[in-house]
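Chemist: Got a structure for you, written out below as structure tokens; questions coming shortly.
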Amino acid sequence: MTEIEQTLSELLSGFLTEGQNMIDAATPINTLGLESVVIMQFVAEVEDHFDINIDLDSLAQIHTLNDLAKVVVTQGGA
């Protein structure tokens, strides 16, 4: 796991409820059982942490933490 993926994993863990386990960076985020509003709060946290803005086109292509890490790098957040 890269440093960015590790940071994303740590940020995501703050949004998981008791009983939800962290997954590896290749597991689809939508399989975590998070509500869409929680996912958007997570994305906002990522944007704040890395001081980036993720556009809607990029957001539509994010399915895993790996995908999100690539967007962070592309946006200059690394």
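The values are calculated or read from the model by the stated rules, or taken from the named source; none is laboratory data. What you are looking at is a predicted structure, and each value in this text was computed from that prediction instead of being measured. Please note: Cβ atoms are built from the backbone with ideal geometry, for glycine as well, and neighbour counts cover all protein chains shown. Side chains included, ligands, DNA and RNA excluded: accessible areas come from the protein's heavy atoms. Shrake-Rupley method; radii C 1.70, N 1.55, O 1.52, S 1.80 Å.
Chemist: Does residue 64 meet the test of being in contact with a Ser or Thr (Cβ under 7 Å, 6 or more places away or on another chain) and β-branched (Val, Ile, Thr)? Can you show your working first?
Modeler: Values: in contact with a Ser or Thr (Cβ under 7 Å, 6 or more places away or on another chain): yes; β-branched (Val, Ile, Thr): yes.
Spelling it out, residue 64 is indeed in contact with a Ser or Thr (Cβ under 7 Å, 6 or more places away or on another chain) and β-branched (Val, Ile, Thr).
Chemist: So which residues in the stretch 33-62 are touching a helix residue (DSSP H, G or I) at 6+ places or on another chain (Cβ under 8 Å) and farther than 13 Å from residue 8 by Cβ?
Modeler: From the stretch 33-62, those touching a helix residue (DSSP H, G or I) at 6+ places or on another chain (Cβ under 8 Å) are 34, 39, 42-43, 45-46, 49-50, 52-54, 58-59, 61-62; that's our starting set.
Correct list: 34, 53, 58, 59, 61.
Chemist: Something else about it: Which of the residues belonging to the stretch 17-58 are of a type in the set (A, V, I, L, M) and over 10 Å from the mean Cα position of the chain (by Cα)?
Modeler: Pass one, the stretch 17-58, residues of a type in the set (A, V, I, L, M): 22-23, 25-26, 29, 32, 34, 37-40, 43-44, 46, 52, 54, 56.
Once the filter is applied, which keeps residues that are of a type in the set (A, V, I, L, M) and over 10 Å from the mean Cα position of the chain (by Cα), the stretch 17-58 yields 22, 23, 26, 32, 34, 37, 38, 52, 54, 56.
Chemist: Still on this structure, please answer the following. Filter the stretch 3-32 down to the residues that are in a loop (DSSP other than H, G, I, E, B), modelled with pLDDT of 85 or more and loosely packed, with under 11 Cβ neighbours inside 10 Å and list them by number.
Modeler: The first filter runs over the stretch 3-32 and keeps only residues in a loop (DSSP other than H, G, I, E, B), leaving 14-28.
Okay, now just the ones that are also modelled with pLDDT of 85 or more, so 14-16, 25-28.
14 - this is the single residue of the stretch 3-32 that is in a loop (DSSP other than H, G, I, E, B), modelled with pLDDT of 85 or more and loosely packed, with under 11 Cβ neighbours inside 10 Å.
Chemist: Mind checking which residues of the stretch 33-52 are among the charged types (D, E, K, R) and either surrounded by 10 or more Cβ atoms within 10 Å (Cβ to Cβ) or farther than 15 Å from residue 4 by Cβ (or both)?
Modeler: Going residue by residue through the stretch 33-52, those that are among the charged types (D, E, K, R) are 35, 45, 47-48, 51.
Listed by number, the residues that qualify are 35, 45, 47, 48.
Chemist: Okay, next question. For the stretch 44-54, what are the residues that are part of a loop (DSSP other than H, G, I, E, B) and either under 18 Å from residue 25 (Cα atoms) or of a type in the set (A, V, I, L, M) (or both)? Explain how you work it out, then say what you get.
Modeler: Residues of the stretch 44-54 that are part of a loop (DSSP other than H, G, I, E, B), as a first pass: 51-54.
Scanning the stretch 44-54 gives 52, 54.
Chemist: Would you confirm whether any residue within the stretch 58-65 is at negative phi, in a helix (DSSP H, G or I) and touching a Gly at 6+ places or on another chain (Cβ under 6 Å)? Steps first, answer last, please.
Modeler: Within the stretch 58-65, the first condition is being at negative phi, and the residues that meet it are 58-65.
Next cut, in a helix (DSSP H, G or I) only: 58-60, 65.
Those still in the list that are touching a Gly at 6+ places or on another chain (Cβ under 6 Å) too: none.
There is no residue in the stretch 58-65 that is at negative phi, in a helix (DSSP H, G or I) and touching a Gly at 6+ places or on another chain (Cβ under 6 Å).
Chemist: Pairs under 9 Å by beta carbon, first residue closer than 19 Å to residue 27 by Cα and open to solvent by 90 Å² or more (accessible area, probe 1.4 Å) in the stretch 55-78, partner among the acidic types (Asp, Glu) and modelled with pLDDT of 95 or more, six or more apart or different chains?
Modeler: Once the first residue is closer than 19 Å to residue 27 by Cα and open to solvent by 90 Å² or more (accessible area, probe 1.4 Å) and sits in the stretch 55-78, its partners that are among the acidic types (Asp, Glu) and modelled with pLDDT of 95 or more give 61/67.
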